[in-house]
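S.K.: First the structure, which I've put down as structure tokens, then a few questions once you've had a look.
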Amino acid sequence: MFTHLHFHTSYSFLDGFNSIQKAVTRVKELGMTACAITDHNVLCGCPEFQEECEANGVKPILGYEGYFTPSIAEASKPVEERNQDAINRAIEAGVIDDPAHPENIRVDVAQKYIEDHHLDSQACHDFAKEDPFYDYVPSSKKTLQKLHKLFGYDMRQYHILFLAKNQRGWENLVKLQSESARLCTYNGRFLCDMELIDKYHEGIICTNACIGSYSAKCIERGDEKSAEDYILAMQEIFGDDFYLEIQPLNIKKQHKVNLFYMEMAKKHGIKTIATNDVHYTRKEDYDDHDTLLCVGTGKKKSDVDRMRYSHDFWIKSEEEMYESFAHQQISMEEKSKTDLKEYQLFYTEALQNTSLIADKVETGIRLGSEKPLFSNVRVPHGLTPEKWLTILAYKGMYKYLARHPEYDVHEYEHRMIEELAIINGKGFAPYMLAVKEYVTWANENNCPTGPGRGSAAGSLALFSIGVTKNIDPIQNQLLFSRFLTADRKDPPDIDIDFEYTHRDDVIEHLKDYYGESNVAHIGTYTLMGVKSGIKDVGRVLEVDYKIVDSITKKIDEINDAPGAKFKDFDAMKEGDENERKAWETFHELEENHQELFRLARTFEGTPRGMGVHASGILVTPMPVSDIFPVRYKDSVAVTLYTGPQLEHYNAI
């Protein structure tokens, strides 16, 4: 049974038109029993994918398509330093033969360097355009840019595919993606090199991905030795968990790569898999995917010079995969005038090998923690969190009662006994102490906190340790049961308001107290909505801006509720007279701009990008990236899971 192992979903932001729900439904319809998720750059779609697969009896294979660079140390240098390195290499190569005057370059030497080092044809073309009648070309900004490109570090981001084989593999995958983001984020892409891959390879299955891989690009420019060296290095790291990857694209580049991999497979005993690099769900989704791609790349549909996919990247059935490779073989034979029966055996085995990987991957991979991830709050030596919370709670309560002799001490003691029995019995004492710690610090460091709101105001224990203030839950008849009961499994919410201008000081304190690696901002995702979708599609289809602006303003007049969805507008049809009239106005807009609205409806809910929660901070007892994937924004860690997802995986 063929298994899709190179599979992009909508979490390959604005490049994958393949919602997880529709994708898994389609996989199941095709009778497939397993499927991978390999979004560009990130693991953020894995929670939803795993849940959807398990609900549909499909085995989830979790992974991502990463970006390889030969050296993180080089790639992470400032551009000025990389450019100077390029000039130094040009001097060493004799292209600049007078270090005191780098304004002149020797084109003949540069062209020979290109040929000797198998550099890409574009670099050669750039220098060939210079005047051939002169050995020396006067330097200009444009010429220096060409020189930087020729002799500078290769900043291209090469594709590489990673899949988690087991629990250890998943943990290493999280670490690999997170460390790539921390060490070298370039153009929004997280780069890894051999050293980092080797460090976290255990439990991971690796393939060399599509024709955007390092080995494929080496083959394309005729440097087959470097391609082979790369393949052997990966085999050395991953052993039998490294696979060559072929695809059925009917283009010259792919033909050349596939045939080279066939030779490598025979020569070095490396297994090969076949994939289709899925980017959209059904064959007929090609044009809508192309439109979404224009949204993501900032292009118009009519632009000639823009990124385009061929009509090949849907979720193909097993039969369609065999047919695609058969058509590719015919084309290859016609162009090479060669009988490629051996190639048929090669791709047949590669298609069958996908099931080997599916069988290798263990079920039940855990994406979070089995137990609540309480932060490592400090307690006095010899005390447990439960004992320390009990001491603080009673101390605070008796101090408060000393100021109010008119209150019934027994009533307070009875309430405190009941509360602490539940809090300590459920293991939530560390959570309460952690909240007390940062609330106390804030109040002592020019960052006042609010009196407490929500159900937390019903806790005498929280009131007694100073988390909530001024509102005595007993005197105000507030119920502890609204905050926490013995039957509740999840930790309760404690909402704290901080004085805004010093909020960042509290976050810095958390980093100092728990360790910077144990603290992260909570991530969010922006989704395409009604108005944003209309604006995006309108730009791509070149609908006059005034028309698009008029449409969105009329939509606001019809329903200005934040986050209103198309279904909310559709529901107006069955409402009262006023809603019916509003629906008729909306319906008329849609009828007059059918393609604009069709696409906006189609893209509604599609992840558009990543954001940061305005106030959500995660603190864990270990480095956050030991258990959850993160990215970095201005050197600050941001989780790739949302608040509800983190809570589901026992983050507090």
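S.K.: Please specify each residue of region 485-534 satisfying the condition of being of a type in the set (D, E, K, R) and either part of a loop (DSSP other than H, G, I, E, B) or loosely packed, with under 15 Cβ neighbours inside 10 Å (or both).
M.R.: Of everything in region 485-534, those that are of a type in the set (D, E, K, R) and either part of a loop (DSSP other than H, G, I, E, B) or loosely packed, with under 15 Cβ neighbours inside 10 Å (or both) turn out to be 487, 488, 489, 490, 493, 495, 497, 499, 504, 508, 512.
S.K.: Ok, one more. Being in contact with a strand residue (DSSP E or B) (Cβ under 8 Å, 6 or more places away or on another chain) and more than 11 Å from residue 66 (Cα to Cα) is the filter here, so list the residues in region 199-211 that pass it.
M.R.: Going through region 199-211, the residues in contact with a strand residue (DSSP E or B) (Cβ under 8 Å, 6 or more places away or on another chain) turn out to be 203-210.
Once the filter is applied, which keeps residues that are in contact with a strand residue (DSSP E or B) (Cβ under 8 Å, 6 or more places away or on another chain) and more than 11 Å from residue 66 (Cα to Cα), region 199-211 yields 203, 204, 205, 210.
S.K.: State yes or no: is residue 270 outside any helix (DSSP H, G or I), without any contact (Cβ under 8 Å) to a residue 60 or more places away in the chain and open to solvent by less than 30 Å² (accessible area, probe 1.4 Å)?
M.R.: Considered against the rule, which asks whether it is outside any helix (DSSP H, G or I), without any contact (Cβ under 8 Å) to a residue 60 or more places away in the chain and open to solvent by less than 30 Å² (accessible area, probe 1.4 Å), residue 270 comes out as yes.
S.K.: Continuing with this model, one more query. Quick check on residue 432: is it within 27 Å of residue 650 (Cβ to Cβ) and in contact (Cβ under 8 Å) with a residue 12 or more places away in the chain? Quick ask: steps written out before the conclusion?
M.R.: Working: within 27 Å of residue 650 (Cβ to Cβ): yes; in contact (Cβ under 8 Å) with a residue 12 or more places away in the chain: yes.
So residue 432 fits the description; yes.
S.K.: Within region 320-351, how many residues are over 15 Å from residue 255 (Cα atoms), open to solvent by 20 Å² or more (accessible area, probe 1.4 Å) and in contact (Cβ under 8 Å) with a residue 40 or more places away in the chain?
M.R.: 1
S.K.: Here's a follow-up. Considering region 213-245 alone, what residues qualify as being surrounded by fewer than 19 Cβ atoms within 10 Å (Cβ to Cβ) and closer than 20 Å to residue 170 by Cα?
M.R.: Hits for region 213-245 are 237, 239, 240.
S.K.: Separate question: If you go through region 397-429 one residue at a time, how many are assigned to a helix (DSSP H, G or I) and open to solvent by 20 Å² or more (accessible area, probe 1.4 Å)?
M.R.: To start, the set of residues in region 397-429 that are assigned to a helix (DSSP H, G or I) comprises 397-402, 409-425, 429.
Right, trim to open to solvent by 20 Å² or more (accessible area, probe 1.4 Å) and you get 398-400, 402, 409-411, 413-415, 417-418, 421-422, 424-425.
Here the count works out to 16.
S.K.: Another question, if that's okay. Take region 219-263 and flag every residue that is charged (D, E, K, R) and assigned to a helix (DSSP H, G or I).
M.R.: At the first step, the residues of region 219-263 found to be charged (D, E, K, R) are 220-221, 223-225, 228-229, 236, 240-241, 245, 252-253, 256, 263.
Matches in region 219-263: 220, 224, 225, 228, 229, 236, 240, 241, 252, 253, 256, 263.
Residue by residue, here is whether (1) surrounded by fewer than 24 Cβ atoms within 10 Å (Cβ to Cβ); (2) without any contact (Cβ under 8 Å) to a residue 24 or more places away in the chain; (3) of a type in the set (Val, Ile, Thr); (4) not in a helix (DSSP H, G or I) holds:
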site: 169; (1), (2), (3), (4): no, no, no, no
site: 172; (1), (2), (3), (4): yes, no, no, no
site: 175; (1), (2), (3), (4): yes, no, no, no
site: 197; (1), (2), (3), (4): yes, no, yes, no
site: 211; (1), (2), (3), (4): yes, no, yes, yes
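S.K.: If I filter region 52-64 for residues that are out of contact with any strand residue (DSSP E or B) (no Cβ under 9 Å at 6 or more places or on another chain), in a loop (DSSP other than H, G, I, E, B) and open to solvent by 50 Å² or more (accessible area, probe 1.4 Å), do I get at least one hit? Break it down stepwise before answering.
M.R.: If we filter region 52-64 for residues that are out of contact with any strand residue (DSSP E or B) (no Cβ under 9 Å at 6 or more places or on another chain), which is where we start, we get 55-57.
Narrowing further to those that are in a loop (DSSP other than H, G, I, E, B): 56-57.
Subset that is open to solvent by 50 Å² or more (accessible area, probe 1.4 Å): 57.
Checked against the condition, which is being out of contact with any strand residue (DSSP E or B) (no Cβ under 9 Å at 6 or more places or on another chain), in a loop (DSSP other than H, G, I, E, B) and open to solvent by 50 Å² or more (accessible area, probe 1.4 Å), region 52-64 yields at least one hit.
S.K.: Residues of region 589-617 being open to solvent by 40 Å² or more (accessible area, probe 1.4 Å), in a helix (DSSP H, G or I) and either modelled with pLDDT under 95 or in contact with an Asp or Glu (Cβ under 8 Å, 6 or more places away or on another chain) (or both), which ones?
M.R.: 602
S.K.: Starting from region 387-401, keep only residues that are more than 20 Å from residue 425 (Cβ to Cβ), then list their pairs with residues that are part of a helix (DSSP H, G or I) and of a type outside the set (A, V, I, L, M, F, W, C) whose Cβ atoms are within a distance under 6 Å, requiring at least 6 positions of separation or different chains.
M.R.: Cβ pairs passing all conditions: 396/464.
S.K.: On the basis of being free of Cβ contacts under 8 Å to residues at least 24 places away in the same chain and part of a helix (DSSP H, G or I), does residue 287 make the cut?
M.R.: Yes.
S.K.: Which number in (1) surrounded by 15 or more Cβ atoms within 10 Å (Cβ to Cβ); (2) over 24 Å from residue 220 (Cα atoms); (3) out of contact with any helix residue (DSSP H, G or I) (no Cβ under 6 Å at 6 or more places or on another chain) marks the one condition that residue 280 misses?
M.R.: Residue 280 satisfies all of (1) surrounded by 15 or more Cβ atoms within 10 Å (Cβ to Cβ); (2) over 24 Å from residue 220 (Cα atoms); (3) out of contact with any helix residue (DSSP H, G or I) (no Cβ under 6 Å at 6 or more places or on another chain) except (3).
S.K.: Considering only region 543-566, how many residues are within 27 Å of residue 301 (Cβ to Cβ), open to solvent by 90 Å² or more (accessible area, probe 1.4 Å) and among the charged types (D, E, K, R)?
M.R.: 3
S.K.: Please work out if residue 362 is under 21 Å from residue 620 (Cβ atoms), acidic (Asp, Glu), open to solvent by 60 Å² or more (accessible area, probe 1.4 Å) and within 24 Å of the chain's Cα centre (by Cα).
M.R.: So residue 362 does not fit the description; no.
S.K.: Here's something else I'd like to know. Does residue 245 satisfy the criteria of being in contact with a Ser or Thr (Cβ under 8 Å, 6 or more places away or on another chain), within 23 Å of residue 326 (Cα to Cα) and of a type in the set (Asp, Glu)?
M.R.: Here the answer is yes, as residue 245 does meet what is asked.
S.K.: Check 399, 436 and return the single one that is farther than 24 Å from residue 373 by Cβ and basic (Lys, Arg).
M.R.: Exactly one of 399, 436 is farther than 24 Å from residue 373 by Cβ and basic (Lys, Arg), namely 399.
S.K.: Let me ask something additional. Can you tell me which residue is farthest from residue 173 (Cα to Cα) among those in region 336-375 that are in contact with an Asp or Glu (Cβ under 8 Å, 6 or more places away or on another chain) and of a type in the set (A, V, I, L, M, F, W, C)?
M.R.: Among those that are in contact with an Asp or Glu (Cβ under 8 Å, 6 or more places away or on another chain) and of a type in the set (A, V, I, L, M, F, W, C), it is 340.
The values are calculated or read from the model by the stated rules, or taken from the named source; none is laboratory data. This is a predicted model, so every value here is computed, not measured. Note that we place each Cβ from the backbone using ideal geometry, even for glycine, and neighbour counts take in every protein chain shown. The area values use the complete protein model at the heavy-atom level, side chains included, leaving out ligands, DNA and RNA. Shrake-Rupley method; radii C 1.70, N 1.55, O 1.52, S 1.80 Å.
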